[in-house]
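Notes for the one structure printed next.
The values are calculated or read from the model by the stated rules, or taken from the named source; none is laboratory data. The model shown is predicted, which means the values in this text are computed figures rather than measured ones. Cβ sites come from the backbone with ideal geometry, for glycine too, and all protein chains shown count toward neighbours.
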Amino acid sequence: MYPFTFTKAAGIREAIDAGRRGGRYIAGGTTLVDLMRETVERPETLIDIAALPLGEVTVTGRGTLRIGALVRMAEAAAHPKVRTTYPVISQALELSASAQLRNMATIGGNIMQRTRCTYFRDVSAACNKRRPGSGCAALQGINRSHAILGTSDRCVATHPSDVAVAFAALEATVHLLGPDGQRTVTFADFLLQPGTTPEREQNLRPGELITAVEIPAHPRPLKSGYLKVRDRQSYEFALTSAAVALQVRAGVIREAKVAVGGVGTVPWKLPAVERHLIGQRPSDSLWIAAAALAADGARPLTHNRFKVELLKRTVERQLRVVGGSA
Ligand SMILES: Cc1cc2nc3c(=O)[nH]c(=O)nc-3n(C[C@H](O)[C@H](O)[C@H](O)COP(=O)(O)OP(=O)(O)OC[C@H]3O[C@@H](n4cnc5c(N)ncnc54)[C@H](O)[C@@H]3O)c2cc1C
């Protein structure tokens, strides 16, 4: 470790002022502290935001679900409204990390977490994300767990969050408060693909604080769920995952929301799959045909070609689980 200063923010305004001066927010600390210990990150000032009043889950009259940035993963997963209206969120959270981590970690920290790419976390390796211009050791290295979608020649690291995949599927928005006031960003615009600047990961301005993630009111009834495929059944990040939400009325699919994880540099929405499903009757052949589109545009690397087929099968299985096999 190295010396740094630690301040507890007394209020949201004080936190943002300190953030504007270059301080780094810390919420549950379950990932930032690890990165500091490994010297992957070296913030000079930490601003503890854990006591700020951003820990509520609320539902508006129209059915919009708002999850405060400081709601713990375990609390969000167990919240009765989340469980009943969006099981895909509860399931994604419960399949993340461990019970101890979920009791400490927050929703804001979760979507801000950095990649688990081993080269990013090894300070002796080349990594454009950690040290811009130094190269990407994963391109020629062991890249079994890396991304096949949204990659660039500068970076092929996956985004590791599970619940972010559910948020992407449900077209969530991220609410931000900063020195220049409030802003709302769609989830699709919040997490950034690497392109030529892999060190820029989020659409965040200096000092901006995430205050909440909001899920728009989707037409009801909506069935949803999350499937995570990994090397071992617990305490492991996804090789592939799928968040699916379907509204079936009078035997026809009216709404389809699908996003996948473990395969993209950001949670990957599948609009072509969604379009293929809408207006159709649920059937095995429909699930197979829609899932066949899931890996369109994939650019596999030496060790992760298996993800192309695994991704299609993950989507197919989760469509069948949520939509039934009539
Ligand atoms: C062993 C292990 C296994 C894990 N497995 C999984 C898994 O399977 N799936 C999964 O999804 N996650 C997994 N995680 C990640 C875990 O979910 C994250 O560590 C956690 O969600 C981070 O939340 P936190 O509150 O502790 O964030 P912190 O560590 O406090 O902060 C993380 C980052 O977010 C920023 N930040 C925090 N809150 C805000 C805010 N409100 N506004 C702006 N910036 C903010 C911080 O500045 C920091 O950069 C795992 C972690 C570990 C250590």
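General remarks:
- Of the residues making up region 23-68, just one is small (Gly, Ala, Ser) and part of a strand (DSSP E or B), namely Gly68.
- Matching residues, region 286-306, being surrounded by fewer than 19 Cβ atoms within 10 Å (Cβ to Cβ), among the small types (Gly, Ala, Ser) and touching a Lys or Arg at 6+ places or on another chain (Cβ under 8 Å): Ala292
- So His79, is it out of contact with any Lys or Arg (no Cβ under 7 Å at 6 or more places or on another chain) and not assigned by TED's automatic domain parsing to the domain that holds Glu208: no
- Single unsatisfied condition, Thr151 versus (1) crowded, with 19+ Cβ neighbours inside 10 Å; (2) within 18 Å of the chain's Cα centre (by Cα); (3) under 22 Å from Leu70 (Cβ atoms): (3)
- Tabulated pairs, region 89-103, first within 17 Å of Ala166 (Cα to Cα), second more than 9 Å from the ligand (Cβ to nearest atom) and of a type in the set (Ser, Thr, Tyr), C-beta under 6 angstrom, 6+ apart or interchain: Gln91/Tyr226; Ala92/Tyr226
- Tabulated pairs, region 298-326, first part of a helix (DSSP H, G or I), second surrounded by fewer than 17 Cβ atoms within 10 Å (Cβ to Cβ) and among the hydrophobic types (A, V, I, L, M, F, W, C), C-beta under 8 angstrom, 6+ apart or interchain: Lys312/Ala292; Glu316/Ile288
- Residues satisfying the stated conditions in region 20-47, i.e. among the small types (Gly, Ala, Ser), surrounded by 14 or more Cβ atoms within 10 Å (Cβ to Cβ) and closer than 18 Å to Pro3 by Cβ: Gly23, Gly29
- One residue stands out among those in region 186-206 that are over 16 Å from the mean Cα position of the chain (by Cα) and surrounded by fewer than 20 Cβ atoms within 10 Å (Cβ to Cβ): the one that is farthest from the ligand (Cβ to nearest atom), which is Thr196.
- In the condition set (1) more than 16 Å from the ligand (Cβ to nearest atom); (2) outside the structural domain of Leu65 (by TED's automatic domain parsing); (3) in contact with a helix residue (DSSP H, G or I) (Cβ under 8 Å, 6 or more places away or on another chain), Arg130 is compliant with all but (1).
- Selection status of Asp231, under 15 Å from Leu311 (Cα atoms) and out of contact with any Phe, Trp or Tyr (no Cβ under 6 Å at 6 or more places or on another chain): yes
- Residues of region 77-89 satisfying the condition of being within 14 Å of the ligand (Cβ to nearest atom) and surrounded by 23 or more Cβ atoms within 10 Å (Cβ to Cβ): Val88, Ile89
- Between Thr158, Thr118, the distinction of being crowded, with 19+ Cβ neighbours inside 10 Å, of a type in the set (S, T, N, Q) and not assigned by TED's automatic domain parsing to the domain that holds Gly68 belongs to Thr158 only.
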